Amino acid sequence: SRGRQEPELKILILGGDGYLGWPTALHLSEGGHDVAVLDNFARRGYDFEMGVDSLVPIETLQARIRTWRDLTGREIACYIGDLTDADFTSHVVTEFGPDTIVHFAEQRAAPYSMVDRKHAVYTQVNNVVGTINVLYAIAEINPDIHLVKLGTMGAYGEPNIDIEEGWLEIEHKGRKDRVLFPKRPGSFYHLSKVHDSHNIEFACRIWGIRATDLNQGIVYGQQTPETARDDRLATRYDYDAVFGTVLNRFVIQSVLGLPLTVYGNGSQVRGIIEIRDTVRCLQLACENPADRGEFRVFNQMTQSLSITQMAETIARVSPEKVTIEHLANPRVEEEGHHYNVVHSGLVDLGLDPHLLSDTLIESLFEITKRFAHRVRPEAMIPTVDWRRSASRLGW
């Protein structure tokens, strides 16, 4: 059951308008699969709320789909709606009849979830309820559907032991067992991902569905071979302090000649992955499905770097002379912690990783220079403090 399926798969991508959902849809369509996307455009709504926008302009989902069809002749079906609506979710699964569901459709920013009570509750309800509705749709309509769920390495926290791929063999008082790796998430967003994982594992165990949980590191980069074909196919490039990833933020600051802002002493270590590897990992997971009843976990990252190492790497090849500035850390997290992650599963399936290099960084510099006039530098200043989560964004 682990080999390439024939005929090609019908794949439904939840959150198919997002930073990673859209390029994944194109990559799977390019690979010959029959792809549909579903979205409620909540991510675009967060931009209105926060007064920011993607550095690279993005087209509407409908315009993107038309452009892809015109360039390749390949159709991508489109559904507009919300996963917290159980009837809608079941309708889409029934109508499209997917072999695989790829689930990106969650509020994905830790700072957003820590703004205040309202944002924490929204994040938990949106993410956890939406996923439960997907699980019920699979169980009731076709338990053979393979669920590929995007999780996060942040759910593990900073344990003082090596991080295994989802499961841990333990011995306690002379007895042994295999349990889900213990989690110590660092935000209400990361907590929602832990709840998702436990709910999905439960559904695999009691209903016999099949699922792959991808605990993904920090993603950097903006282009894949598919999105690079036409400006109208571009995906997001977020740089603000709420939704922007740290490497992307450092690149933009370096192009503008601004200090690279490191939270705390910068010794925090994170797993990272380039966007081209993300879409390849999704392809490998879809084409090599988990077995019925299996809750399979992959740690989806390619290397580990400290925040300071990331900043130093960017500064070394920056087009402008930049300094590194340390800010008070708005997050509550360990510094100088142990971090050793097992991430062999996807490599065993065929992933050939792109590691952070000067060439990759320089390609990001070129994209950033092209759209530098769209940057709002004040949006990169952190305004959400974990210790005072009743604060407002204040932009």
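The values are calculated or read from the model by the stated rules, or taken from the named source; none is laboratory data. Values in this document were obtained by computation on a predicted structure and should not be read as measured data. Cβ sites come from the backbone with ideal geometry, for glycine too, and all protein chains shown count toward neighbours. Areas reflect the complete protein model, heavy atoms only, side chains present, ligands, DNA and RNA absent. Shrake-Rupley method; radii C 1.70, N 1.55, O 1.52, S 1.80 Å.
Data table
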{"read-out": "Cβ pairs under 7 Å, 6+ apart, first in the range 204-222 and touching a residue at least 40 places away in the same chain (Cβ under 8 Å) and open to solvent by less than 10 Å² (accessible area, probe 1.4 Å), second of a type in the set (Asp, Glu) and in a loop (DSSP other than H, G, I, E, B)", "value": "CYS204/GLU294"}
{"read-out": "Residue in the range 16-30 that is farthest from ALA379 (Cα to Cα), counting only those that are open to solvent by less than 40 Å² (accessible area, probe 1.4 Å) and out of contact with any Leu (no Cβ under 9 Å at 6 or more places or on another chain)", "value": "SER29"}
{"read-out": "Given (1) assigned to a loop (DSSP other than H, G, I, E, B); (2) without any contact (Cβ under 8 Å) to a residue 60 or more places away in the chain, number of the condition GLU106 does not satisfy", "value": "(2)"}
{"read-out": "Top-ranked residue in the range 61-80 [being of a type outside the set (A, V, I, L, M) and touching a Phe, Trp or Tyr at 6+ places or on another chain (Cβ under 9 Å); ranked as most open to solvent (accessible area, probe 1.4 Å)]", "value": "GLU75"}
{"read-out": "Top-ranked residue of the range 168-181 - restricted to ones that are open to solvent by less than 70 Å² (accessible area, probe 1.4 Å) and over 25 Å from THR302 (Cβ atoms), ranked as nearest to the chain's Cα centre (by Cα)", "value": "VAL179"}
{"read-out": "Near pairs, Cβ below 9 angstrom, 6+ apart or cross-chain, from the range 27-44 (closer than 15 Å to LEU14 by Cβ and among the basic types (Lys, Arg)) to any residue that is open to solvent by 40 Å² or more (accessible area, probe 1.4 Å) and modelled with pLDDT under 95", "value": "none"}
{"read-out": "ARG184 being touching a residue at least 40 places away in the same chain (Cβ under 8 Å) and either closer than 16 Å to PHE104 by Cα or more than 16 Å from the chain's Cα centre (by Cα) (or both)", "value": "no"}
{"read-out": "Condition broken by ARG276, with the remaining ones in (1) in contact with a helix residue (DSSP H, G or I) (Cβ under 6 Å, 6 or more places away or on another chain); (2) open to solvent by 10 Å² or more (accessible area, probe 1.4 Å); (3) of a type outside the set (S, T, N, Q) satisfied", "value": "(1)"}
{"read-out": "Sole residue being surrounded by fewer than 19 Cβ atoms within 10 Å (Cβ to Cβ), assigned to a helix (DSSP H, G or I) and among the polar types (S, T, N, Q), chosen from ASN199, ASN160", "value": "ASN199"}
{"read-out": "Subset of the range 84-116 [open to solvent by 10 Å² or more (accessible area, probe 1.4 Å) and in contact with a Leu (Cβ under 7 Å, 6 or more places away or on another chain)]", "value": "PHE96, ASP99, PHE104, ALA105"}
{"read-out": "Selection status of ALA290, buried (at least 19 other Cβ atoms within 10 Å of the Cβ), assigned to a helix (DSSP H, G or I) and among the small types (Gly, Ala, Ser)", "value": "no"}
{"read-out": "Criterion (over 21 Å from THR89 (Cα atoms), at pLDDT 95 or above and not in a loop (DSSP other than H, G, I, E, B)) met by exactly one of LEU55, LEU28, LEU38", "value": "LEU28"}
{"read-out": "Residues within the range 335-359 that are buried (at least 17 other Cβ atoms within 10 Å of the Cβ) and in a helix (DSSP H, G or I), tallied", "value": "2"}
{"read-out": "Filter pass, VAL128 being open to solvent by 10 Å² or more (accessible area, probe 1.4 Å) and not in a loop (DSSP other than H, G, I, E, B)", "value": "yes"}
{"read-out": "Conditions (1) modelled with pLDDT of 95 or more; (2) more than 16 Å from the chain's Cα centre (by Cα): number failed by VAL194", "value": "(2)"}
{"read-out": "So VAL384, is it under 30 Å from SER197 (Cα atoms), assigned to a loop (DSSP other than H, G, I, E, B), open to solvent by less than 50 Å² (accessible area, probe 1.4 Å) and of a type in the set (Val, Ile, Thr)", "value": "yes"}
{"read-out": "Residues of the range 295-334 satisfying the condition of being aliphatic (A, V, I, L, M) and out of contact with any Lys or Arg (no Cβ under 9 Å at 6 or more places or on another chain)", "value": "VAL297, ALA311, ILE314, VAL317, VAL322, ILE324, LEU327, ALA328"}
{"read-out": "Selection within the range 41-52 - open to solvent by 40 Å² or more (accessible area, probe 1.4 Å) and farther than 21 Å from PHE88 by Cβ", "value": "PHE48, GLU49, GLY51"}
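Here is a yes/no grid of residues against (1) under 30 Å from ARG117 (Cα atoms); (2) in contact with a strand residue (DSSP E or B) (Cβ under 9 Å, 6 or more places away or on another chain):
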position	(1), (2)
ARG280	no, no
GLN300	no, yes
HIS337	yes, yes
VAL347	no, no
ASP352	no, no
SER357	no, no
PHE365	no, no
THR368	no, no
